[in-house]
Amino acid sequence: MISVVQRVSAASVTVQTPAYFADISCGLCVLLGIEEGDGEEQASWMAKKLANLRIFQDNAGKMNRSVVDVQGEILLISQFTLAGDSSAGNRPSFITAAKPSIAEPLVNFVGKTLVEEHKIPVSKGVFGAMMQVTIVNEGPVTLVINRD
């Protein structure tokens, strides 16, 4: 499981068909890729890591506060292309990306865990849809988190 996490002051996702829109203000935009072999163990770990990741500034200007501490939100976007391997040739291979029947429930599990266990408001993209994501990255702060 891999995620690209960005600290944002605003983020949104739009889908043209069927029409869909979701947005957040202060918080995290999380692009989440599910790989073959991932399960609820990795999903639970990722949710806990996202909830507790200290990348928001405290009063001293240090990155020492989590999205929970700042009462932020999370925009969770499924992104299978994070599993892309472009080490050979110029066209990425996605053979390590989990099948949709596995990936979609795990993305939903991460979202549900963030809401129920960590009390974080979560907005999501539309699984498998062509989405337009708008991100106002603060810092900029961007991290890549992997969980095997």
Under the Karplus relation with 6.51, -1.76 and 1.60 and θ = phi - 60°, whole-Hz ³J(HN,Hα) for segment 64-75, x at Gly and Pro, equal 9, 10, 9, 4, 5, 4, 8, 6, x, 10, 10, 9
Please state the relative contact order of the chain as a whole percent: Cα pairs under 8 Å, 6+ residues apart? 38
Given the peptides 33-43, 91-101, arrange them by the average over their residues of other C-beta atoms within 10 Å, most packed first. 33-43, 91-101
Over all alpha-carbon pairs in segment 42-148, figure out the percentage whose distance exceeds 18 Å. 57
From the phi of every residue in segment 102-108, what ³J(HN,Hα) in whole Hz does the Karplus formula 6.51 cos²θ - 1.76 cosθ + 1.60 yield, where θ is phi - 60° and glycine or proline is x? 9, 5, 4, x, 6, 4, 4
Return the aspartates and glutamates within reach of Lys119: Cα separation strictly under 13 angstrom, same-chain partners fewer than 8 residues apart disregarded; answer none if there are no such residues. Asp69, Glu73
Cleavage-rule hits, trypsin sites (Lys or Arg not before Pro), segment 31-65, DSSP coil, Cβ neighbours within 10 Å at most 15: Arg54, Lys62
Please arrange Phe109, Phe21, Phe56, Phe127 by counting, for each residue, the other beta carbons lying within 10 Å of its beta carbon, fewest first. Phe21, Phe127, Phe109, Phe56
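Coordinate-derived values only; no laboratory data. Because the structure is a prediction, the values reported are computed rather than measured. All Cβ positions, even for glycine, are placed from backbone atoms using ideal geometry, and neighbour counts span all protein chains on display.
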